[in-house]
Amino acid sequence: MGERARAWGVTLVLGALVLSPLARRQGADTDDFPLSHYPMFAAAGIGHLVEVSSVRLVHADGREERAPLVAVGSPEPMVAKNIVRDAISRGDAPSLCAAVLARARGPEPTGDVVGARVVTATFDARTYFRAPSPRPVSRVVQAECGALVRPREGL
Amino acid sequence: MTALASRADAWLRAACPAERLAAVRALVGAYATVYVLARFRYFADLSGLDRAAFAPVGAMHAWSGPPAAWLSWVFTAVALASSFALALGVRHRVTAPLAALSLLWIFSARSSWGKVLHTENLLVLHAAVLACAPAADAWSLDARRAAAPPEPASRYGWPLRAMSVVTALTYFVAGVAKLREGGLAWLSGAPLAEWLAWDAVRKAELGSMHSPLAPTLASHGTLTAALAAFTLAVELAAPFVLASPRAARAWALSAWGFHAGVLATMAIGFFYPLTFIAYVALFDVETIVSRVRARFSGRPR
């Protein structure tokens with residue numbers, strides 16, 4: 001291949017590939033790598049309510065804490081979040097709950113973690129950082145596992 | 001060939017010192033080496049991921065399901081070794097394509113579990129250009145066999161132009177996405193303010209680092225409107241500044257500023273642009289390297 005052909009070939013092919021996602025239907029579900037249409041933070045009108053799904057470990061006294069990200073399945077918070085979201089949408093929240101609980105407790109459970117919950121909580125972004133301990137506007141328990149006790153009042 | 005085509009050809013295939021392309025190769029290779037090394041286990045160990053959540057992107061489209069666990073260890077090791085070889089310029093014709101393909105594989109694999117990360121797109125695309133270019137004719141272990149340093153030539157110029165085109169179009173696509181998804185409302189700053197607050201809340205709840213600036217900034221409409229305008233200007237102007245080297249360099253500084261702003265306000269680190277290596281193809285980077293080398297070699301012993 002001549003140098004001119006190679007120069008133009010590589011530039012035009014890669015340039016066209018980079019532009020090609022513009023021809024696809026937009027939206028996060030059609031994103032790809034490394035040819036992306038960069039849907040992140042592109043939409044308008046998302047509002048002030050933020051829905052976050054997470055796995056909470058439950059202690060013997062009813063206290064809850066966020067499960068370690070690695071126990072959820074990824075050290076990357078956004079990936080872990082999507083693992084939870086996708087499990088809920090597939091109807092797999094109970095099995096995710098059990099798997100995270102098993103990973104968090106390890107082969108020989110020591111602490112006082114007695115169970116876990118897969119929870120979807122909705123927060124108001126306008127007031128979230130003004131409150132010393134922000135509370136969700138709403139909270140839905142998607143699944144519970146282990147030997148659970150009643151949650152603390154107000155959670 | 002028409003006058004316009006001749007001008008385009010002259011721009012794309014402008015003669016350039018082999019050292020400039022070599023410096024870009026060494027920097028991109030060094031970045032890839034450090035990046036893969038720092039996150040080796042993250043890329044190599046896919047065993048903890050839920051197989052049911054596999055949603056293939058990029059190179060993973062060729063797989064019918066999640067790849068075997070050992071395969072990601074092999075590809076990550078190959079990516080590390082070949083990136084290091086790319087940096088040093090060892091057997092470039094073999095190792096550079098290997099680096100591009102293995103980086104594409106490991107980044108694709110990691111993004112195939114429901115969350116596509118966009119921090120590695122440009123690195124893979126730049127590695128692909130370098131894989132097609134004679135980027136190890138200078139400042140490399142391969143070049144030690146050469147009798148004399150090569151003369152400036154167009155074969156060293158076009159890969160840098162191609163990398164610049166890819167860089168500019170990547171930003172342009174991101175800008176178009178904002179206009180298509182958010183419309184002109186994006187310019188008002190209101191969507192950006194919502195995203196800043198939304199992202200900070202989400203990260204705080206997930207136990208991830210969030211920017212303390214985000215909540216304050218989100219409540220200042222004028223500031224978010226200015227930042228939104230700056231973001232769209234940087235992204236949409238990218239392809240139009242390439243013809244002028246001075247404008248392209250000014251754009252690169254603006255784009256770096258954009259990423260620094262994203263880091264400060266959203267705690268999202270696009271490290272490839274933040275190290276400035278993503279933009280070095282736009283600069284006479286070999287002169288900087290030569291100056292540094294001259295300075296150190298000229299030191300009194």
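The values are calculated or read from the model by the stated rules, or taken from the named source; none is laboratory data. Model, not experiment: these values are computed from the prediction. Note: ideal-geometry Cβ built from the backbone for every residue, glycine included; neighbour counts use all protein chains shown.
At a glance:
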item	result
Residue in region A:78-133 that is farthest from residue A:49 (Cα to Cα), counting only those that are of a type in the set (Ser, Thr, Tyr) and either more than 8 Å from every other protein chain (Cβ to nearest Cβ) or touching a strand residue (DSSP E or B) at 6+ places or on another chain (Cβ under 6 Å) (or both)	A:110
Residue count, region B:205-219 (criterion: without any contact (Cβ under 8 Å) to a residue 12 or more places away in the chain and outside any helix (DSSP H, G or I))	2
Selected residue (only one of B:197, B:168, B:177 is under 12 Å from residue B:266 (Cβ atoms), aliphatic (A, V, I, L, M) and either in contact with an Asp or Glu (Cβ under 7 Å, 6 or more places away or on another chain) or modelled with pLDDT of 90 or more (or both))	B:197
Extreme residue, nearest to residue B:134 (Cα to Cα), among residues of region B:19-62 that are among the acidic types (Asp, Glu) and touching a residue at least 40 places away in the same chain (Cβ under 8 Å)	B:19
Positions within region A:134-149 being part of a strand (DSSP E or B), within 16 Å of residue A:66 (Cα to Cα) and away from chain B (no Cβ under 12 Å), in sequence order	A:140, A:141, A:142, A:143, A:144, A:145, A:146
Residues (touching a Ser or Thr at 6+ places or on another chain (Cβ under 9 Å), farther than 30 Å from residue A:124 by Cα and of a type in the set (Phe, Trp, Tyr)) located in region B:150-197	B:158
Residue that is surrounded by the fewest Cβ atoms within 10 Å (Cβ to Cβ), among those in region A:1-55 that are among the aliphatic types (A, V, I, L, M) and in contact with a Ser or Thr (Cβ under 8 Å, 6 or more places away or on another chain)	A:49
Residue satisfying all of: in region A:56-67; among the basic types (Lys, Arg) and surrounded by fewer than 19 Cβ atoms within 10 Å (Cβ to Cβ); nearest to the other protein chains (Cβ to nearest Cβ) among these	A:66
Region A:51-67, residues that are hydroxyl-bearing (Ser, Thr, Tyr) and farther than 16 Å from residue B:204 by Cα	none
Which numbered condition residue A:70 misses (of (1) within 22 Å of the chain's Cα centre (by Cα); (2) farther than 17 Å from residue B:206 by Cβ; (3) surrounded by fewer than 20 Cβ atoms within 10 Å (Cβ to Cβ); (4) among the β-branched types (Val, Ile, Thr))	(2)
Total residues in region B:118-150, condition over 18 Å from residue B:166 (Cβ atoms), in a loop (DSSP other than H, G, I, E, B) and free of Cβ contacts under 8 Å to residues at least 40 places away in the same chain	3
Test result for residue A:117, out of contact with any Phe, Trp or Tyr (no Cβ under 9 Å at 6 or more places or on another chain), buried (at least 18 other Cβ atoms within 10 Å of the Cβ) and part of a helix (DSSP H, G or I)	no
Residue within region A:22-40 that is among the β-branched types (Val, Ile, Thr), facing chain B (nearest Cβ under 7 Å) and either closer than 30 Å to residue A:101 by Cα or within 29 Å of the chain's Cα centre (by Cα) (or both) present	no
Residue check, residue B:224 more than 9 Å from chain A (Cβ to nearest Cβ), not in a loop (DSSP other than H, G, I, E, B) and not acidic (Asp, Glu)	yes
Tally, over region B:162-199, of residues that are more than 7 Å from chain A (Cβ to nearest Cβ) and either under 27 Å from the mean Cα position of the chain (by Cα) or not in a helix (DSSP H, G or I) (or both)	14
Close pairs from region A:39-55: first among the aliphatic types (A, V, I, L, M), partner part of a strand (DSSP E or B) and surrounded by 21 or more Cβ atoms within 10 Å (Cβ to Cβ), Cβ under 9 Å, at least 6 apart	A:49/A:123; A:50/A:123; A:52/A:119; A:52/A:123; A:55/A:116; A:55/A:117; A:55/A:118; A:55/A:119
Residue list for region B:231-242, restricted to those being assigned to a helix (DSSP H, G or I) and either within 14 Å of another protein chain (Cβ to nearest Cβ) or on the phi > 0 side of the Ramachandran plot (or both)	B:231, B:232, B:234, B:235, B:236, B:238, B:239
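Here's the yes/no breakdown for (1) within 14 Å of chain A (Cβ to nearest Cβ); (2) of a type in the set (S, T, N, Q); (3) more than 20 Å from the chain's Cα centre (by Cα):
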{"position": "B:48", "(1), (2), (3)": "yes, no, yes"}
{"position": "B:53", "(1), (2), (3)": "yes, no, yes"}
{"position": "B:59", "(1), (2), (3)": "yes, no, no"}
{"position": "B:90", "(1), (2), (3)": "no, no, yes"}
{"position": "B:97", "(1), (2), (3)": "yes, no, no"}
{"position": "B:106", "(1), (2), (3)": "yes, no, no"}
